[in-house]
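The values are calculated or read from the model by the stated rules, or taken from the named source; none is laboratory data. Note that this is a predicted model, so its numbers are computed, not measured. Every residue, glycine among them, receives a Cβ derived from its backbone with ideal geometry; neighbour counts consider all protein chains shown. Surface areas here come from the heavy atoms of the whole protein model, side chains and all, with no ligands, DNA or RNA. Shrake-Rupley method; radii C 1.70, N 1.55, O 1.52, S 1.80 Å.
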Amino acid sequence: MQQEIKKSNCVNCSKCGFAAACQSYLFDRQEPMFINDLSRKKRVAKNEYIYQSGTPVRALYALRRGIAKVYDAQNTLQGVIFPGQVVGVDELFASHYQYSVQAATEVEVCELQNRHFYQISQITQDFTHLIIHILSRSAKEKQRLISVLVKPDGLQKVSDFIQLMADTRKEYGFDHHDFELPLNKKELAQLLGISQSTLARALDTLVEQQIIAVNKKEITLL
């Protein structure tokens, strides 16, 4: 099963950020408002947008397959989204999105519209707790990325980012020893706030220290 997940890069529903909400309201209770507001396995082509800055906030999105990139209103790369993670969480209660989320590869998302969140929370006791859980998990993931980006040393940034990728993949049920970098080296250097030459030297150093092996974009933890 692990090999199949790694090959398809598709998260198992039980590991997805929507897992608890779907289990409760799609499968157990079969709540009509939740079912009507949930669109599953929506495909977004590479370079198309899941949502764009300035458009009305209407939904949360769980990335089912592929990789997505987060940009601010100035088109500066701010983050990367892996299968299983939920995007749009930190903008849920704003009127318009402040960030854009673009498909770095062809992706599949599950879209949960927010139009009935209040009504569902009034008829069931645990819906608000499930949304808080999604909010909390997303905030924790963002803080983990920030803790990498504030490191002053380029080598430490690269090493910690690779470890963060491995930890994230493990959390969402993927092989965490062998994986591809989610960005090209120019984008990764931009995200980490270092030059491409610093990134290249850091990767070479990690290889020399036998911490990783690199084959193009493929990373193997040793």
Legend entry - Of residues in region 61-74 being in a loop (DSSP other than H, G, I, E, B) and under 18 Å from PRO182 (Cα atoms), the one least open to solvent (accessible area, probe 1.4 Å): GLY66
Legend entry - Single match in ASP160, ASP204 (criterion: over 26 Å from ALA21 (Cα atoms), more than 15 Å from the chain's Cα centre (by Cα), at pLDDT 95 or above and open to solvent by 60 Å² or more (accessible area, probe 1.4 Å)): ASP204
Inset, instruction - Test GLN122 against the criterion of being open to solvent by 50 Å² or more (accessible area, probe 1.4 Å), touching a Ser or Thr at 6+ places or on another chain (Cβ under 9 Å), free of Cβ contacts under 8 Å to residues at least 60 places away in the same chain and not hydroxyl-bearing (Ser, Thr, Tyr), and give yes or no. - result: no
Inset, instruction - Hey, can you tell me all the residues within region 113-145 that are closer than 23 Å to ASN36 by Cβ and hydroxyl-bearing (Ser, Thr, Tyr)? - result: TYR118, SER121, THR124, THR128
Inset, instruction - Working carefully through the options PHE93, PHE18, find the one that is of a type in the set (Phe, Trp, Tyr), in contact (Cβ under 8 Å) with a residue 60 or more places away in the chain and under 14 Å from ILE131 (Cα atoms). - result: PHE18
Legend entry - Conditions (1) at pLDDT 95 or above; (2) open to solvent by 70 Å² or more (accessible area, probe 1.4 Å); (3) not in a strand (DSSP E or B); number of the one not met by ILE35: (2)
Legend entry - Given (1) farther than 22 Å from LEU145 by Cβ; (2) of a type in the set (S, T, N, Q); (3) in a strand (DSSP E or B), number of the condition GLN78 does not satisfy: (1)
Legend entry - region 186-222: number of residues that are of a type outside the set (A, V, I, L, M, F, W, C) and under 16 Å from ASP153 (Cβ atoms): 8
Legend entry - region 38-51 residues that are on the phi < 0 side of the Ramachandran plot and in contact (Cβ under 8 Å) with a residue 24 or more places away in the chain, paired with ones that are of a type in the set (Asp, Glu) and not in a strand (DSSP E or B) (beta carbon under 8 Å, 6 or more apart): ARG43/GLU106; VAL44/GLU106; ALA45/GLU106; LYS46/GLU106
Inset, instruction - Would you be able to say whether some residue in region 129-147 is among the acidic types (Asp, Glu) and either touching a residue at least 60 places away in the same chain (Cβ under 8 Å) or not in a helix (DSSP H, G or I) (or both)? - result: no
Legend entry - Matching residues, region 88-113, being open to solvent by 10 Å² or more (accessible area, probe 1.4 Å) and in a strand (DSSP E or B): HIS96, SER100, GLN102, GLU108, CYS110, GLN113
Inset, instruction - May I ask you to verify whether SER147 is modelled with pLDDT of 95 or more, open to solvent by 40 Å² or more (accessible area, probe 1.4 Å), within 19 Å of the chain's Cα centre (by Cα) and of a type in the set (Ser, Thr, Tyr)? - result: yes
Inset, instruction - Within region 185-201, identify whether any single residue is surrounded by fewer than 14 Cβ atoms within 10 Å (Cβ to Cβ) and basic (Lys, Arg), and answer yes or no. - result: yes
